[in-house]
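Worksheet: the structure to be examined is printed underneath.
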Amino acid sequence: MPDSRYWNPHTETLPLDRLEALQERKLRDLLDWTFARAPWQARRLREGGVEPLSVQTLADLRRIPFLTRADWMAAQEADPPYGPVLTQPPEAAIRYHTTSGTSGGRPLAVLDGAKDWEWIAEMWCYAFWGFGVRPVDTVFFAFGYGTFVGFWGAQYACEKLGALVLPGGNMSTEARVRMLADCDATVVCSTPTYALRMAQEARRLGIDLPGSAVQRLILSGEPAGSIPATKALIEAQWGAKAGDTAGMTELGTVMMFECDHQPGGAHIIEDHYVEEVVDPATGEAVGYGELGERVVTSFGRGFIPVLRYRTGDLVCRVSADRCSCGRGFDVYDGGIRGRADDMKVIRGTNVYPGAVEAIVRRVADVEEFQVRLYTADGIRDEIEVQVELAIGGDDVLAELGRELAEAHEGLRFGVRRAEAGSLPRFELKAKRLTDEREVWGGTGERKAL
Ligand SMILES: [Zn+2]
């Protein structure tokens, strides 16, 4: 294996028919296990007309009712603290974790057992190995090691594949930058936003990151890891290659990774998941090349069966031959493009935060930015972008306004320069959009005040 570019040379290169046969076998096992051990999920399946033998092929998958975050949360709130989703008693678990809770309200709490953690680490191994991390590497984690699952699994993956871990929890940004430079880290793991934040801090400290030992960044936690302009900026500021990954707490680990051929997207780990892409409104499948919502079925979890989970992530799936690495795993072109519920309607025009970021990062040398939606004169939706500029002046602001309008059917964006250091900084998931409108765009529905 050390000579292979694949973590699992067998499954990563299976021809499509054999990959699908493997998925179908695992799918049948998953259904059997769910009916045997998970009464809450089994009842939902039966209510949807599904019996143990009614799912035999991938085509049968669509018979299974969707599971939404709202379903899971409602079940958890009715039966706290974990809800009826577990297949084993809580004392059989070895770890508690929660969602990051950026969408407001109470986070979802999840338990995992020893088998889960072995698998969680295995999924990250596909990603790390696939992006070129090897046992000789020294990996710095800019991560808080709290209840948010984040890079926990990646830390165990490093132990599994034999790389040295530098656990940068509970440290200031300055201390992290000094440590990763002093200890000659060759790989750094963080969110895309925090990778830029550390690069700013390194400049302030006079530490030359492009001249440091760092060769690779593994990004996760935000869609920006696959926004070309943001990624190019990160690669330039670090003098290193940046690879995107994406996972979610509900699944406990990553489900996709960018390989070292950097195809502009992420391979789906198809021997451990079935991923479907559906129209968010109708739930019907969409084809290759069309934007839709990811729906995940996981084969790896040992504590909680996850079947047809609506992720809310918007993706565009293309076939495996998009990439030249030889994997048989399909690719999400552009990684996760955004969230289905991220879209804002401003005076009839759809605005996605990810699309705004792609333009802001391309046009200007921006230290940080914020997008604010508000109601002007008690009636009119307005969108304003505040930017902290490293260099450049009014001409850059005007250019940014023009580019944003051009990409949004002529929609006028207010572009304003913010004082250096005045905008919020983020370590985990960045929140760069605030919606202060009195009337929600598009729906006419009055916001509860
Ligand atoms: Zn590839």
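The values are calculated or read from the model by the stated rules, or taken from the named source; none is laboratory data. Keep in mind that this is a model prediction, so the values were computed, not measured. Counting neighbours? That spans all protein chains shown, and the Cβs are built from the backbone with ideal geometry, glycine included.
Give the residues of the range 372-388 that are within 20 Å of Leu196 (Cα to Cα) and either in contact with a helix residue (DSSP H, G or I) (Cβ under 6 Å, 6 or more places away or on another chain) or aromatic (Phe, Trp, Tyr) (or both), sorted by residue number.
Kept after step one, since they are within 20 Å of Leu196 (Cα to Cα), are these residues of the range 372-388: 385-388.
Those that are within 20 Å of Leu196 (Cα to Cα) and either in contact with a helix residue (DSSP H, G or I) (Cβ under 6 Å, 6 or more places away or on another chain) or aromatic (Phe, Trp, Tyr) (or both): none in the range 372-388.
Against the condition over 20 Å from Gly300 (Cα atoms) and assigned to a helix (DSSP H, G or I), how does Arg28 come out, does it pass? It is false that Arg28 is over 20 Å from Gly300 (Cα atoms) and assigned to a helix (DSSP H, G or I).
Among the residues of the range 316-331, the one identified as assigned to a strand (DSSP E or B) and either within 10 Å of the ligand (Cβ to nearest atom) or among the aromatic types (Phe, Trp, Tyr) (or both) is Val331.
The lone criterion from (1) buried (at least 24 other Cβ atoms within 10 Å of the Cβ); (2) modelled with pLDDT of 95 or more left unmet by Asp208 is number (1). A count restricted to the range 341-357 and to residues that are closer than 23 Å to Ile268 by Cα and either surrounded by 19 or more Cβ atoms within 10 Å (Cβ to Cβ) or within 12 Å of the ligand (Cβ to nearest atom) (or both) stands at 1.
Just give me the residues in the range 307-326 being under 14 Å from Ala266 (Cβ atoms), in contact with a Phe, Trp or Tyr (Cβ under 7 Å, 6 or more places away or on another chain) and basic (Lys, Arg), in sequence order. Answer for the range 307-326, where residues must be under 14 Å from Ala266 (Cβ atoms), in contact with a Phe, Trp or Tyr (Cβ under 7 Å, 6 or more places away or on another chain) and basic (Lys, Arg): just Arg317. For the range 32-41, check the following and say yes or no: at least one residue is of a type outside the set (A, V, I, L, M) and part of a loop (DSSP other than H, G, I, E, B). Checked the range 32-41: no residue is of a type outside the set (A, V, I, L, M) and part of a loop (DSSP other than H, G, I, E, B).
Going through the range 31-68 one residue at a time, which ones are of a type in the set (A, V, I, L, M) and in contact with a Phe, Trp or Tyr (Cβ under 6 Å, 6 or more places away or on another chain)?
If we filter the range 31-68 for residues that are of a type in the set (A, V, I, L, M), which is where we start, we get 31, 36, 38, 42, 45, 50, 53, 55, 58-59, 61, 64, 67.
Scanning the range 31-68 gives Ala42, Leu67.
Looking across the range 305-315 at every residue that is assigned to a loop (DSSP other than H, G, I, E, B) and touching a strand residue (DSSP E or B) at 6+ places or on another chain (Cβ under 7 Å), the one that is surrounded by the most Cβ atoms within 10 Å (Cβ to Cβ) is identified as Leu307.
Yes/no matrix, rows are residues, columns are (1) at pLDDT 95 or above; (2) buried (at least 19 other Cβ atoms within 10 Å of the Cβ):
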| position | (1), (2) |
| --- | --- |
| Glu20 | yes, no |
| Gln23 | yes, yes |
| Arg69 | no, no |
| Met73 | no, no |
| Gly83 | no, yes |
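When Thr245, Thr253, Thr230 are checked against the criterion of being within 16 Å of the ligand (Cβ to nearest atom) and in contact (Cβ under 8 Å) with a residue 24 or more places away in the chain, Thr245 stands alone in meeting it.
Being assigned to a strand (DSSP E or B), aromatic (Phe, Trp, Tyr) and within 16 Å of the ligand (Cβ to nearest atom), is that true of even one residue in the range 264-276? Reasoning before the result, please.
First pass over the range 264-276, keeping only residues assigned to a strand (DSSP E or B): 265-268, 273-276.
This time we only want the ones that are aromatic (Phe, Trp, Tyr), so: 273.
From what is left, the residues that are within 16 Å of the ligand (Cβ to nearest atom) are none.
No: zero hits.
When the range 278-301 is limited to residues that are under 19 Å from Gly338 (Cβ atoms) and in contact with an Asp or Glu (Cβ under 7 Å, 6 or more places away or on another chain), the one that is farthest from the ligand (Cβ to nearest atom) turns out to be Pro280. Of everything listed in (1) of a type outside the set (Val, Ile, Thr); (2) farther than 30 Å from Thr87 by Cβ; (3) crowded, with 21+ Cβ neighbours inside 10 Å, the single unmet condition for Gly287 is (3).
Are any of the residues in the range 264-274 surrounded by fewer than 19 Cβ atoms within 10 Å (Cβ to Cβ), more than 16 Å from the chain's Cα centre (by Cα) and in contact (Cβ under 8 Å) with a residue 40 or more places away in the chain? Outline the logic, then answer.
Of the residues in the range 264-274, the ones surrounded by fewer than 19 Cβ atoms within 10 Å (Cβ to Cβ) are 264.
Of the ones still in play, those that are also more than 16 Å from the chain's Cα centre (by Cα) are none.
Looking for residues that are surrounded by fewer than 19 Cβ atoms within 10 Å (Cβ to Cβ), more than 16 Å from the chain's Cα centre (by Cα) and in contact (Cβ under 8 Å) with a residue 40 or more places away in the chain, one finds none in the range 264-274, hence no.
None of Ser212, Ser220, Ser226, Ser172 is of a type in the set (S, T, N, Q) and in contact with a helix residue (DSSP H, G or I) (Cβ under 7 Å, 6 or more places away or on another chain) except Ser212.
Quick check, is Arg310 out of contact with any helix residue (DSSP H, G or I) (no Cβ under 8 Å at 6 or more places or on another chain), at pLDDT 95 or above and more than 16 Å from the ligand (Cβ to nearest atom)? Answer is no for this residue. Within the range 219-234, the presence of at least one residue that is among the charged types (D, E, K, R), under 26 Å from Thr311 (Cβ atoms) and assigned to a helix (DSSP H, G or I) is confirmed. Residues of the range 320-337 being in contact with a helix residue (DSSP H, G or I) (Cβ under 9 Å, 6 or more places away or on another chain), surrounded by fewer than 21 Cβ atoms within 10 Å (Cβ to Cβ) and small (Gly, Ala, Ser), which ones? Hits for the range 320-337 are Ala320, Gly326, Gly328. Please work out if Leu45 is touching a strand residue (DSSP E or B) at 6+ places or on another chain (Cβ under 8 Å) and surrounded by 18 or more Cβ atoms within 10 Å (Cβ to Cβ). Answer is no for this residue. Within the range 313-334, the only residue that satisfies the criterion of being at positive phi and modelled with pLDDT of 95 or more is Gly326.
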